[in-house]
Amino acid sequence: MSQSLEIPDIDKSWTIFLDRDGVINERIMGHYITKVEDFKFLPGVIDAIGIFNKLFYKTIIVTNQAGVGKRLMSQKDLDDIHNHLESELKLNGAFVDKIYACTDLPSKASNHRKPNPYMGIRASHDMPGIELKKSIMVGDTKSDMQFGRRLGALTVLIEHGLEEQAEIEYSLIDYRFSSLFAFASSL
């Protein structure tokens with residue numbers, strides 16, 4: 001299901017936050033993406049990010065990556081995956097301005113993981129032109145939608161049939177699309 005998104009006066013003062021797994025790349029159910037070989041862009045994602053680059057002030061990835069905290073992968077492995085992501089985008093004329101990855105375990109006391117809005121708030125401190133009230137969070141999980149709400153952002157759910165998506169309260173979701181490209185094409 002998709003809908004035509006009507007955001008008044010969307011311009012270069014808006015920021016878009018993107019989840020990674022399940023939005024940008026294929027999610028491997030029950031597993032972590034632990035090496036570059038496992039990272040596969042979803043169809044149309046690179047083109048979608050190129051569209052965002054033209055429309056938005058900043059394009060930012062915010063991702064929970066507990067695989068590092070669980071020692072299933074190293075920080076270098078995660079950096080290699082993100083370097084690959086950025087290189088592939090660049091080869092195709094697209095880019096992300098910044099990737100914020102929280103490697104904390106869910107049980108960590110100083111938890112900066114989504115749905116905590118820490119990564120978005122940090123982005124607004126790192127890049128003072130970001131106005132959180134003029135931002136959009138695109139994700140595929142409840143924690144992504146909660147993160148967006150806590151930032152004061154509009155939320156876009158990428159629906160791809162996860163059972164857990166049925167449990168997301170409607171009040172957390174502003175718009176629903178079948179893919180990142182479908183969303184980008186609606187702008």
Neighbourhood net charge (13 Å Cβ-Cβ; Lys/Arg +1, Asp/Glu -1) for Arg149: +1
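Among Leu18, Leu55, rank each residue by its count of other Cβ atoms within 10 Å, from fewest to most, as a rough exposure measure.
If I rank by nearby Cβ atoms, fewest first, I get Leu55, Leu18.
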³J(HN,Hα), Karplus 6.51/-1.76/1.60, whole Hz, each residue of the range 147-152, x for Gly, Pro: 4, x, 4, 5, 7, x
What does the charge dipole of the chain about its Cα centre add up to, to the nearest 20 debye, if the Cβ of each Lys and Arg holds +1 and the Cβ of each Asp and Glu holds -1? 540
In what order do Glu169, Glu159 fall by count of nearby beta-carbon atoms within 10 Å, going from fewest to most? Glu169, Glu159
CD proxy at 222 nm, helix term only [per DSSP H run n ≥ 4: -39500 (n - 2.57); per residue of the chain; nearest 500]: -9000 deg cm²/dmol
Length-normalised contact order for the chain - Cα pairs under 8 Å, 6+ apart - percent: 28
Give me Ile130, Ile121 ranked fewest to most by other Cβ atoms within 10 Å of their Cβ, as a rough exposure proxy. Ile121, Ile130
Let me check against my output: what whole-number percent is the relative contact order of the range 43-152, with C-alpha pairs under 8 Å and at least 6 apart? 26
Once both labels are modelled 7 Å past Cα along the beta-carbon direction, what's the Ala66-Phe41 spacing in nm? 3.0
Count the lysine pairs in the chain that are 8 or more places apart or on different chains: how many have C-alpha atoms under 12 angstrom apart? 8
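Here, each number is a calculation from the coordinates, and none is a lab measurement. Quick caveat: nothing in here was measured; it's all calculated off a predicted structure. With ideal geometry, Cβ positions are generated from the backbone for all residues, glycine too; neighbour counts draw on all protein chains shown.
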